[in-house]
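Enquirer: Below is the structure I would like to discuss, written out as C-alpha coordinates.
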Amino acid sequence: MTAPSRAPRLVALSAVPGNCWACNATLVLPPRLVLTTPPPRTEHHILLHRTSRVQAHHLAPEPARHDYGDATLVALLTEHPQRPGRFGLANRSGSSWTGTRADGTTQEIAPGQTVPLRSGLELDFGGARAVVRSK
(Lines give C-alpha, C1' and ligand atoms only; values in the text may rest on other atoms or scores of the structure.)
Protein backbone atom coordinates (compact mmCIF):
# COMPACT_ATOMS: atom_id res chain seq x y z
CA MET A 1 0.00 0.00 0.00
CA THR A 2 1.11 3.51 -0.59
CA ALA A 3 0.90 6.78 1.27
CA PRO A 4 2.85 10.03 0.80
CA SER A 5 5.01 9.20 3.85
CA ARG A 6 6.03 5.80 2.36
CA ALA A 7 5.60 4.30 5.83
CA PRO A 8 5.05 0.52 5.60
CA ARG A 9 1.70 -0.95 6.52
CA LEU A 10 0.26 -4.44 6.25
CA VAL A 11 -3.44 -5.05 5.69
CA ALA A 12 -5.60 -8.01 4.67
CA LEU A 13 -6.86 -7.81 1.09
CA SER A 14 -10.44 -8.03 2.30
CA ALA A 15 -9.98 -5.19 4.79
CA VAL A 16 -10.55 -1.50 4.23
CA PRO A 17 -7.04 -0.02 3.91
CA GLY A 18 -7.65 2.90 6.29
CA ASN A 19 -5.15 5.69 6.91
CA CYS A 20 -1.37 5.82 7.16
CA TRP A 21 -0.15 5.66 10.74
CA ALA A 22 2.64 8.17 9.98
CA CYS A 23 0.93 10.89 7.91
CA ASN A 24 -2.79 10.01 8.22
CA ALA A 25 -3.23 10.00 4.41
CA THR A 26 -5.77 7.58 2.93
CA LEU A 27 -3.98 4.40 1.84
CA VAL A 28 -4.39 3.02 -1.68
CA LEU A 29 -4.18 -0.71 -2.28
CA PRO A 30 -2.04 -1.64 -5.29
CA PRO A 31 -3.71 -3.51 -8.14
CA ARG A 32 -3.57 -7.29 -7.93
CA LEU A 33 -3.56 -10.21 -10.30
CA VAL A 34 -6.15 -12.82 -9.36
CA LEU A 35 -5.07 -16.18 -10.79
CA THR A 36 -7.39 -19.18 -11.07
CA THR A 37 -5.70 -22.51 -11.73
CA PRO A 38 -7.10 -25.46 -13.70
CA PRO A 39 -9.07 -28.06 -11.65
CA PRO A 40 -8.94 -28.50 -8.77
CA ARG A 41 -9.44 -24.75 -8.92
CA THR A 42 -7.27 -22.67 -6.64
CA GLU A 43 -7.16 -18.88 -6.48
CA HIS A 44 -3.90 -16.97 -5.96
CA HIS A 45 -3.67 -13.20 -5.40
CA ILE A 46 -0.46 -11.45 -6.47
CA LEU A 47 -0.11 -7.79 -5.47
CA LEU A 48 1.33 -5.87 -8.41
CA HIS A 49 4.23 -3.68 -7.39
CA ARG A 50 7.49 -2.78 -9.14
CA THR A 51 9.13 -6.16 -8.52
CA SER A 52 6.14 -8.50 -9.01
CA ARG A 53 6.74 -11.83 -10.71
CA VAL A 54 4.44 -14.65 -11.74
CA GLN A 55 6.15 -18.01 -11.33
CA ALA A 56 5.15 -21.41 -12.72
CA HIS A 57 3.93 -22.59 -9.31
CA HIS A 58 1.32 -19.79 -9.28
CA LEU A 59 -0.33 -21.48 -12.29
CA ALA A 60 -0.55 -24.94 -10.69
CA PRO A 61 -3.44 -25.95 -8.38
CA GLU A 62 -1.23 -27.92 -6.01
CA PRO A 63 2.46 -27.25 -6.75
CA ALA A 64 4.96 -29.74 -5.40
CA ARG A 65 7.41 -26.94 -4.79
CA HIS A 66 7.57 -23.14 -4.83
CA ASP A 67 10.51 -22.22 -7.04
CA TYR A 68 11.19 -18.49 -7.42
CA GLY A 69 14.14 -18.89 -9.78
CA ASP A 70 14.43 -17.32 -13.22
CA ALA A 71 13.92 -20.73 -14.87
CA THR A 72 10.29 -20.80 -13.63
CA LEU A 73 9.51 -17.14 -14.43
CA VAL A 74 6.25 -16.78 -16.40
CA ALA A 75 5.61 -13.03 -16.22
CA LEU A 76 7.33 -9.92 -14.93
CA LEU A 77 5.85 -6.53 -14.12
CA THR A 78 7.77 -3.92 -16.12
CA GLU A 79 7.64 -0.14 -16.33
CA HIS A 80 7.29 1.50 -19.74
CA PRO A 81 10.74 2.88 -20.72
CA GLN A 82 9.41 6.19 -22.12
CA ARG A 83 6.34 6.61 -19.88
CA PRO A 84 7.26 6.39 -16.19
CA GLY A 85 4.38 5.20 -14.03
CA ARG A 86 2.89 3.06 -16.81
CA PHE A 87 3.27 -0.66 -16.25
CA GLY A 88 2.76 -3.84 -18.21
CA LEU A 89 3.07 -7.57 -17.75
CA ALA A 90 5.91 -9.01 -19.82
CA ASN A 91 5.62 -12.59 -21.11
CA ARG A 92 8.77 -14.41 -20.00
CA SER A 93 7.37 -17.89 -20.68
CA GLY A 94 7.99 -20.07 -23.71
CA SER A 95 4.41 -19.86 -25.02
CA SER A 96 1.91 -17.22 -26.08
CA TRP A 97 -0.92 -15.98 -23.87
CA THR A 98 -4.27 -14.53 -24.83
CA GLY A 99 -5.29 -11.21 -23.33
CA THR A 100 -8.86 -9.88 -23.30
CA ARG A 101 -9.37 -6.21 -22.49
CA ALA A 102 -12.38 -4.84 -20.61
CA ASP A 103 -13.92 -3.77 -23.98
CA GLY A 104 -13.81 -7.40 -25.22
CA THR A 105 -10.96 -7.05 -27.72
CA THR A 106 -8.34 -9.81 -27.63
CA GLN A 107 -4.61 -9.79 -28.16
CA GLU A 108 -2.01 -12.53 -28.43
CA ILE A 109 0.97 -11.88 -26.18
CA ALA A 110 3.96 -13.75 -27.61
CA PRO A 111 7.05 -14.58 -25.53
CA GLY A 112 9.01 -11.36 -25.00
CA GLN A 113 5.99 -9.09 -25.56
CA THR A 114 4.37 -6.91 -22.89
CA VAL A 115 0.67 -6.22 -22.40
CA PRO A 116 -0.33 -2.90 -20.77
CA LEU A 117 -1.74 -3.30 -17.28
CA ARG A 118 -5.36 -2.17 -17.02
CA SER A 119 -8.08 -3.06 -14.55
CA GLY A 120 -10.31 -5.78 -15.98
CA LEU A 121 -7.61 -7.22 -18.25
CA GLU A 122 -8.06 -10.99 -18.46
CA LEU A 123 -5.17 -13.29 -19.34
CA ASP A 124 -5.22 -16.92 -20.37
CA PHE A 125 -1.87 -18.51 -19.60
CA GLY A 126 -2.84 -21.76 -21.34
CA GLY A 127 -4.95 -23.37 -18.61
CA ALA A 128 -4.65 -20.92 -15.76
CA ARG A 129 -6.59 -17.67 -16.10
CA ALA A 130 -5.99 -14.32 -14.46
CA VAL A 131 -7.69 -10.97 -14.14
CA VAL A 132 -6.26 -7.61 -13.05
CA ARG A 133 -8.26 -6.04 -10.22
CA SER A 134 -7.70 -2.51 -9.00
CA LYS A 135 -10.01 -2.73 -5.97
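The values are calculated or read from the model by the stated rules, or taken from the named source; none is laboratory data. Since the model is a prediction, treat every value here as computed from it, not as a measurement. As a convention, Cβ positions derive from the backbone with ideal geometry for all residues, glycine included, and neighbour counts pool all protein chains shown. Surface accessibility is based on the protein's heavy atoms, side chains included, excluding ligands, DNA and RNA. Shrake-Rupley method; radii C 1.70, N 1.55, O 1.52, S 1.80 Å.
Enquirer: Ignoring ligands, DNA and RNA, what accessible area per residue does the chain give at 1.4 Å, in Å²? The partial results should precede the final answer.
Expert: Numbers: 8210 Å² over 135 residues.
For the chain, the per-residue accessible area is 61 Å².
Enquirer: Let me ask something additional. Summing +1 for each Lys or Arg and -1 for each Asp or Glu, what net charge is found among the other residues whose Cβ lies under 12 Å from the Cβ of Arg118? Present the calculation step by step, with values, prior to reporting the outcome.
Expert: Numbers: positive: Arg86, Arg101, Arg133; negative: Asp103, Glu122.
Computed value for this residue: +1.
Enquirer: For the chain, what is the relative contact order in percent, using Cα pairs closer than 8 Å and at least 6 residues apart in sequence?
Expert: Numbers: 267 pairs, mean separation 26.3, N = 135.
With pairs under 8 Å counted, the relative contact order is 19 percent.
Enquirer: With the Cα gyration tensor of the chain giving a ≥ b ≥ c as the square roots of its eigenvalues, does the rule (a/c under 1.5 for rounded; else a/b larger than b/c for prolate; else oblate) give rounded, prolate or oblate?
Expert: Values: a/c = 1.80, a/b = 1.47, b/c = 1.23.
Judged from the Cα gyration tensor, the chain comes out prolate (a/c at least 1.5, a/b above b/c).
Enquirer: Where nothing but the Cβ of Lys and Arg (+1) and of Asp and Glu (-1) is charged, how large is the charge dipole of the stretch 37-99 around its Cα centre, in debye to the nearest 20? Could you put the intermediate results ahead of the total?
Expert: On the way: 7 positive and 5 negative charges, 47 e Å.
Result for the stretch 37-99 is approximately 220 debye, rounded to the nearest 20.
Enquirer: Here's another thing I want to ask about it. Determine the shape class of the stretch 65-134: with a ≥ b ≥ c the square roots of the Cα gyration tensor eigenvalues, call it rounded for a/c under 1.5, and otherwise prolate if a/b is greater than b/c, oblate otherwise.
Expert: Working: a/c = 1.65, a/b = 1.19, b/c = 1.39.
Here the stretch 65-134 falls in the oblate category.
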